[in-house]
Amino acid sequence: MTSNLEAQLLALRQEGEQAIAAADTLERLEELRVSYLGKKGQLGALLRSMGQMSAEERPKIGAIANTVKESLQDSLDKQRTALETAQIQAQLEAETLDVTMPGIFSPQGRIHPLNGIIDRALDIFVGMGYTVAQGPEMETDYYNFEALNTPPDHPARDMQDTFYLPDGNLLRTHTSSVQIRYMETEEPPIRVVAPGRVYRRDNVDATHSAVFHQIELLAIDEGLTFTDLKGTIKVFLQAIFGDLPIRFRASYFPFTEPSAEVDLQWNGRWLEVMGCGMVDPNVLKSVGYDPEIYTGFAAGFGVERFAMVLHQMDDIRRLYASDLRFLRQF
């Protein structure tokens, strides 16, 4: 019985080592491991017959069985290492990069001149403590006109100046409507800057577009004066254009009183660049602020205007033509 089982164990080792050496995939190697050394494997099946042996015979067969198991396990480990190394080598050869080949060129994108101006302006105002706010481009008459102290007979409400929609709403003519929405949800003091796209019924030419971009700012607090407005605008314009002469001219806007146009001396001539003023008390009342306690100022400018001045453009339509020959300059 002992010699027969010993012969079977040695034959199993020889057969197993040959099969393992012939395994050409890791999957096949795993199948062989289960077949020989698994719980229901061939080695285990032979060892179950040891129960019929005497106590003197078992240690000898047990020692042989351990030698067979260790030998098979060693063969499995060596073959697994060899197969894994071959697999990695094959992958490296398949993925070899020929560094002498020309690379694939991906052109780097550029910031559009309008986005560049918006980013610069917002950085300046955020640095002065302002919060950026946005609102819908399709607005109601209330937010675009009525809450901003613009009466029904004001020319801006004429269909020749504003795009009205079939449902009675309109495309906003300025981002001032964002200020109203913001004031309705926030309590003073507030500092807010509102960038965005606006729409007006203009005939398109070198300096006019029916769709353009505005940035407006609003500050509401106790004791704000026109001096605060002038100082804020001066800091902003000098950060954008440099230390150039600035002047304020009296003007009119429905939602500010007093109001002013801001001019900048650029290349030896005065350019109108912004509109501004102290917030009209009626606007404060419309959002529930007490004009006896709070005052505020507002200002706004066209992004396209700044871009054309800073980049010396001759035609506003260049900003919308998506001509890469033009845009690659920025």
- Message: Going residue by residue through the stretch 65-78, is there one that turns out to be modelled with pLDDT under 75, closer than 20 Å to residue 7 by Cβ and either among the aliphatic types (A, V, I, L, M) or open to solvent by less than 50 Å² (accessible area, probe 1.4 Å) (or both)?
- Response: yes
- Message: Being surrounded by fewer than 16 Cβ atoms within 10 Å (Cβ to Cβ), in a loop (DSSP other than H, G, I, E, B) and at pLDDT 90 or above is the filter here; which residues of the stretch 137-162 pass it?
- Response: 137
- Message: Looking at (1) in contact with a Lys or Arg (Cβ under 8 Å, 6 or more places away or on another chain); (2) touching a residue at least 40 places away in the same chain (Cβ under 8 Å); (3) open to solvent by 20 Å² or more (accessible area, probe 1.4 Å), which one does residue 248 not meet, given that it meets all the others?
- Response: (2)
- Query: If the Cβ limit is 7 Å and pairs must be 6+ apart or interchain, which residue in the stretch 24-36 that is over 18 Å from residue 9 (Cβ atoms) and in a helix (DSSP H, G or I) pairs with which residue that is open to solvent by less than 100 Å² (accessible area, probe 1.4 Å) and at pLDDT below 80?
  - Reply: 34/41
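So which residues in the stretch 281-328 are in a loop (DSSP other than H, G, I, E, B) and either among the small types (Gly, Ala, Ser) or open to solvent by less than 40 Å² (accessible area, probe 1.4 Å) (or both)?
The first filter runs over the stretch 281-328 and keeps only residues in a loop (DSSP other than H, G, I, E, B), leaving 287-294, 311-315, 320-323, 328.
Result: 287, 288, 289, 291, 313, 315, 321, 322.
In the list 104, 180, 88, which residue meets the criterion of being touching a residue at least 12 places away in the same chain (Cβ under 8 Å) and among the aliphatic types (A, V, I, L, M)? Break it down stepwise before answering.
Details: 104 fails: touching a residue at least 12 places away in the same chain (Cβ under 8 Å); 88 fails: touching a residue at least 12 places away in the same chain (Cβ under 8 Å).
On inspection, the qualifying residue turns out to be 180.
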- Index of the failed condition, residue 267 passing every other in (1) surrounded by fewer than 19 Cβ atoms within 10 Å (Cβ to Cβ); (2) at pLDDT 95 or above; (3) not β-branched (Val, Ile, Thr): (2)
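The values are calculated or read from the model by the stated rules, or taken from the named source; none is laboratory data. Quick caveat: nothing in here was measured; it's all calculated off a predicted structure. Note that we place each Cβ from the backbone using ideal geometry, even for glycine, and neighbour counts take in every protein chain shown. Surface accessibility is based on the protein's heavy atoms, side chains included, excluding ligands, DNA and RNA. Shrake-Rupley method; radii C 1.70, N 1.55, O 1.52, S 1.80 Å.
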